[in-house]
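Read the structure below first, then the notes.
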Amino acid sequence: MSAFEPGPEQASIASVTDRVRPVALGAPVTSVHFLVDRAAFVGAEESVAFVDAQGDIAKVAVHSGGVLCAVCDGERLVMGGDDGKLVALDAKGKVTPLALDPKRRWIDNVALHPDGAYAWSVGKTAFVRSAKGEEKSFEVPSTVGGLAFAPKGFRLAVAHYNGVTLWFPNMAANAEFLEWAGSHLGVVFSPDNKFLVTTMHEPALHGWRLADSRHMRMTGYPGRVRSMSWSAGGKFLATSGADTVIMWPFASKDGPMGKEPAMLAPLPARVSVVACHPKQDILAAGYSDGTILMVRLEDGAEILVRRRGPVPVAALAWNAKGTLLAFADEEGDAGMLEL
């Protein structure tokens with residue numbers, strides 16, 4: 001029986017919460033990722049803690065200071081730090097240096113391309129190293145706020161103040177500039193490559209339809225949006241920043257333009273992180289009061305994964321098969337759930 005099949009409500013809740021395997025990391029966590037079926041909890045300082053399905057912990061030193069950014073494609077976890085280093089970690093715990101800033105400046109954004117290329121940023125400059133090892137750089141008008149590779153082709157979105165620059169590293173053509181006033185931070189392409197969305201320093205999202213650069217304003221949040229996740233198939237974009245999970249519709253050619261978002265899983269606490277299931281219309285949501293819920297998109301049905309605690313949930317991730325869910329709060333109280 002799945003967690004969402006009909007049954008006594010309390011029995012369903014108990015069956016899920018009781019199956020969570022607690023993991024005591026003993027250090028703050030900023031994100032969690034899966035390398036194959038090992039959960040990799042990225043610490044705020046120096047190390048990554050590997051946790052397997054049995055709950056065994058193995059820590060690996062990756063930086064000599066703070067870890068500022070991390071992104072994972074399931075095979076490698078790439079991280080930038082305040083030591084000026086960009087490193088990759090594989091599922092066996094091997095650390096591979098990828099780049100070193102000559103002035104040891106902070107590397108605070110990173111992105112991965114499916115063909116093995118990767119990008120990172122230092123200050124106003126974005127760097128790309130292709131799968132063949134060719135390195136190129138591009139400077140934008142202000143400090144880079146976020147990086148994302150398009151799902152098709154070799155195009156990099158560089159978010160910064162007053163907009164996003166779309167750069168084609170392998171082409172001589174001028175970069176395309178998508179303008180919108182304000183500070184743009186996180187940036188994502190839709191899985192179908194039709195839309196681009198940024199989180200703003202203000203409590204809002206902004207987006208563009210890439211075919212004609214038409215604007216999409218997504219406002220009404222009480223707080224900044226710090227977490228975004230595409231549903232399986234890319235029909236919805238789940239976001240944090242409110243006391244419900246805000247789900248923007250992207251199934252039509254106009255995306256969310258002229259449409260109201262769905263609002264799921266309301267609680268008297270703010271959503272701090274969201275993670276959509278990779279294969280099914282289910283998401284996990286973590287809250288500022290430590291609660292974690294699994295939510296079915298079709299009807300908003302909820303299942304409790306973690307009861308309320310004093311510390312906000314900082315990290316959520318599914319493995320590629322959608323059979324394991326890992327989570328951690330800001331102080332490193334973590335857990336693994338096998339479905």
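Could you grab the pairs with beta carbons closer than 6 Å, sequence gap of 6+ or different chains, first residue in the range 131-147 and modelled with pLDDT under 95, second one in a loop (DSSP other than H, G, I, E, B) and open to solvent by less than 20 Å² (accessible area, probe 1.4 Å)?
Correct list of pairs: 131/117.
For the range 296-325, name all the residues that are surrounded by 21 or more Cβ atoms within 10 Å (Cβ to Cβ), within 21 Å of residue 225 (Cα to Cα) and not β-branched (Val, Ile, Thr).
Listed by number, the residues that qualify are 297, 314, 315, 316, 317, 318.
Pairs please, first residue from the range 274-290 and at pLDDT below 95, second anywhere and open to solvent by less than 20 Å² (accessible area, probe 1.4 Å) and among the hydrophobic types (A, V, I, L, M, F, W, C), Cβ atoms under 7 Å, 6+ apart in sequence or on different chains.
none
Being farther than 20 Å from residue 72 by Cα, touching a helix residue (DSSP H, G or I) at 6+ places or on another chain (Cβ under 8 Å) and in contact (Cβ under 8 Å) with a residue 60 or more places away in the chain is the requirement here; does residue 296 meet it?
So residue 296 fails the test.
Have a look at 61, 91 and point out the one that is more than 22 Å from residue 333 (Cα to Cα), among the aliphatic types (A, V, I, L, M) and at pLDDT below 95. Let's see the steps before the verdict.
On the way: 61 fails: more than 22 Å from residue 333 (Cα to Cα).
Of 61, 91, the one residue that is more than 22 Å from residue 333 (Cα to Cα), among the aliphatic types (A, V, I, L, M) and at pLDDT below 95 is 91.
Please find, among 304, 337, the residue that is over 18 Å from the mean Cα position of the chain (by Cα), under 17 Å from residue 50 (Cα atoms) and of a type in the set (A, V, I, L, M, F, W, C).
The conditions single out 337.
Return the residue satisfying two criteria in turn: it lies in the range 221-262 and is small (Gly, Ala, Ser) and over 23 Å from residue 316 (Cβ atoms), and of such residues it is surrounded by the most Cβ atoms within 10 Å (Cβ to Cβ).
If we take residues in the range 221-262 being small (Gly, Ala, Ser) and over 23 Å from residue 316 (Cβ atoms), then 255 is surrounded by the most Cβ atoms within 10 Å (Cβ to Cβ).
So, in the range 167-193, of the ones that are touching a Lys or Arg at 6+ places or on another chain (Cβ under 6 Å) and more than 18 Å from residue 248 (Cβ to Cβ), which residue ends up surrounded by the most Cβ atoms within 10 Å (Cβ to Cβ)?
To start, the set of residues in the range 167-193 that are touching a Lys or Arg at 6+ places or on another chain (Cβ under 6 Å) comprises 168-169, 193.
Within this subset, residues satisfying the condition of being more than 18 Å from residue 248 (Cβ to Cβ) are 168-169.
On the way: 168: 16, 169: 21.
Looking at residues that are touching a Lys or Arg at 6+ places or on another chain (Cβ under 6 Å) and more than 18 Å from residue 248 (Cβ to Cβ), I get 169.
Would you be able to tell me the number of residues in the range 172-217 that are in a strand (DSSP E or B), under 19 Å from the mean Cα position of the chain (by Cα) and either under 19 Å from residue 152 (Cα atoms) or not hydroxyl-bearing (Ser, Thr, Tyr) (or both)?
Adding up the residues that qualify gives 14.
If residue 147 passes every condition in (1) within 24 Å of residue 211 (Cβ to Cβ); (2) within 19 Å of the chain's Cα centre (by Cα); (3) open to solvent by 40 Å² or more (accessible area, probe 1.4 Å) but one, which one does it miss?
Single failed check for residue 147: (3).
Considering every residue within the range 293-306, establish whether at least one is in a loop (DSSP other than H, G, I, E, B), more than 22 Å from residue 249 (Cβ to Cβ) and at pLDDT 95 or above. Spell out the reasoning first.
Taking the range 293-306 first, the residues in a loop (DSSP other than H, G, I, E, B) are 297-301.
Then drop every residue that is not more than 22 Å from residue 249 (Cβ to Cβ), which leaves none.
Among the residues of the range 293-306, not one is in a loop (DSSP other than H, G, I, E, B), more than 22 Å from residue 249 (Cβ to Cβ) and at pLDDT 95 or above, which makes the answer no.
Confirm whether residue 144 is part of a strand (DSSP E or B) and farther than 21 Å from residue 320 by Cα.
Numbers: part of a strand (DSSP E or B): no; farther than 21 Å from residue 320 by Cα: yes.
So residue 144 does not fit the description; no.
Please specify each residue of the range 246-291 satisfying the condition of being farther than 20 Å from residue 192 by Cβ, of a type in the set (Ser, Thr, Tyr) and not in a strand (DSSP E or B).
288, 291 - these are the residues of the range 246-291 that are farther than 20 Å from residue 192 by Cβ, of a type in the set (Ser, Thr, Tyr) and not in a strand (DSSP E or B).
Output the qualifying pairs, or none if there are none: Cβ atoms under 8 angstrom, residues six or more apart or on different chains, first residue in the range 83-102 and at negative phi and open to solvent by 70 Å² or more (accessible area, probe 1.4 Å), second residue in a strand (DSSP E or B) and among the basic types (Lys, Arg).
Sorted first by the residue in the range 83-102, then by its partner, the pairs are 97/85; 100/85.
Kindly indicate whether residue 49 is aliphatic (A, V, I, L, M), in contact with a strand residue (DSSP E or B) (Cβ under 8 Å, 6 or more places away or on another chain) and crowded, with 17+ Cβ neighbours inside 10 Å.
Judged against the criteria, residue 49 is a match.
Give the number of residues within the range 269-316 that are over 19 Å from residue 333 (Cβ atoms) and of a type in the set (Phe, Trp, Tyr).
So the count comes out to 0.
The values are calculated or read from the model by the stated rules, or taken from the named source; none is laboratory data. Just so it is clear, the structure is predicted and the values come from calculations on it, not from any experiment. Every residue, glycine among them, receives a Cβ derived from its backbone with ideal geometry; neighbour counts consider all protein chains shown. The protein model used for the area step is the full one, side chains on, heavy atoms only, and it has no ligands, DNA or RNA in it. Shrake-Rupley method; radii C 1.70, N 1.55, O 1.52, S 1.80 Å.
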